[in-house]
Amino acid sequence: MSRTFFFVSDGTAITSETLGHALLAQFPQIKFKQVRIPFVGDEDAALEAVKQINAANKTDKASPIVINTIVDKEISSVIHSSEGIVLDLFATFQDTLEQALGVKPQPTIGRTFGIKDFARYEERMEATNFALSHDDGESIEFEQADLILVGVSRSGKTPTCLYMALHYGVKAANYPLTEDDLDEMRLPVFLKRYKRKIVGLMIEPGRLAQIRETRKPNSRYASLRQCHKEVDLAESLLRTEGIAVFQTTHCSIEEISSRVLSELGLQREMF
């Protein structure tokens with residue numbers, strides 16, 4: 001069974017897509033075709049979106065599902081005239097929130113992901129630059145780091161650091177445990193002083209071998225035996241040092257980041 005799922009917005013469509021993905025995950029038995037339609041800021045753009053929705057209705061022989069986050073009620077009403085089943089995020093919550101707060105909303109297109117506070121935006125960019133310059137042990141000056149991710153090569157450290165920098169303004173560094181570190185079964189001296197900032201990331205050896213194979217095919221580095229050895233030693237080392245360890249194999253970057261921030265007590269507002 002296949003259905004088309006539309007994410008329609010007057011902005012980037014990130015909000016509608018984020019909510020939509022959370023909803024889709026609850027129905028793994030259904031195959032969804034996903035279509036993002038951002039920047040629907042006037043009636044013409046809305047009518048064009050309706051054409052796409054109605055075309056999908058004919059192709060699928062079933063009403064498409066539409067997540068709509070258009071602020072303007074007149075433009076939004078055009079989307080509601082389509083042959084899709086429209087789930088309107090703002091209409092669902094805005095009236096209730098207005099009553100609770102006792103004030104009228106001031107709708108602004110793109111407000112969710114626009115630059116509202118330039119100081120916070122600069123903070124996010126600074127954190128991103130920090131993550132890039134402290135990636136894979138490139139710099140071991142960790143004094144300014146909010147946290148340090150440690151694990152074997154290709155265990156998910158870099159993307160997690162970048163996600164936390166971009167979305168939370170967290171200065172996240174990462175260090176790959178080398179064979180020398182694992183053979184000696186101890187953290188490098190320069191890391192020990194920052195132990196309170198460290199969280200370990202682990203990954204199942206089979207998955208690690210798959211990832212490494214795409215990077216260095218038919219190498220010792222990507223062999224299942226080598227991956228088993230590194231993962232076992234790394235986990236033993238980190239647990240001996242009393243460092244919290246999180247599995248990344250079946251977790252999204254978003255989930256890993258949330259768990260890591262919670263573990264270290266870093267309560268940050270998402271940008």
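Points worth noting:
- Some residue of segment 193-208 being farther than 30 Å from E122 by Cα, surrounded by fewer than 15 Cβ atoms within 10 Å (Cβ to Cβ) and within 24 Å of the chain's Cα centre (by Cα): yes
- Some residue of segment 141-159 being in a helix (DSSP H, G or I) and of a type in the set (D, E): no
- Segment 1-41 - residue that is small (G, A, S) and surrounded by 13 or more Cβ atoms within 10 Å (Cβ to Cβ) and, of those, farthest from I79 (Cα to Cα): G20
- Any hit, segment 224-236, residues being assigned by TED's automatic domain parsing to the domain that holds K171, surrounded by fewer than 16 Cβ atoms within 10 Å (Cβ to Cβ) and not in a helix (DSSP H, G or I): no
- For the residues Q247, Q267, the requirement of being of a type in the set (S, T, N, Q) and surrounded by 15 or more Cβ atoms within 10 Å (Cβ to Cβ) singles out Q247.
- Subset of segment 2-17 (residues that are outside any strand (DSSP E or B) and of a type in the set (D, E, K, R)): D10, E17
- Here V71 does not qualify as surrounded by 18 or more Cβ atoms within 10 Å (Cβ to Cβ), without any contact (Cβ under 8 Å) to a residue 60 or more places away in the chain and hydrophobic (A, V, I, L, M, F, W, C).
- Residues in segment 61-78 that are assigned to a loop (DSSP other than H, G, I, E, B) and of a type outside the set (D, E, K, R): 6 in all.
- Residue satisfying condition, being of a type outside the set (V, I, T), part of a helix (DSSP H, G or I), under 18 Å from the mean Cα position of the chain (by Cα) and assigned by TED's automatic domain parsing to the domain that holds G200, within set L166, L182: L166
- Number of the condition not met by V78 [criteria: (1) in contact (Cβ under 8 Å) with a residue 40 or more places away in the chain; (2) touching a helix residue (DSSP H, G or I) at 6+ places or on another chain (Cβ under 7 Å)]: (1)
- Screening the candidates D60, D44 for the property of being closer than 19 Å to S81 by Cβ and exposed (fewer than 13 other Cβ atoms within 10 Å of the Cβ) yields one hit, D44.
The values are calculated or read from the model by the stated rules, or taken from the named source; none is laboratory data. It should be emphasised that the depicted structure is a prediction, and the values quoted were computed from it without experimental measurement. Here the Cβ is made from the backbone with ideal geometry for all residues, glycine too, and neighbour counts use every protein chain on show.
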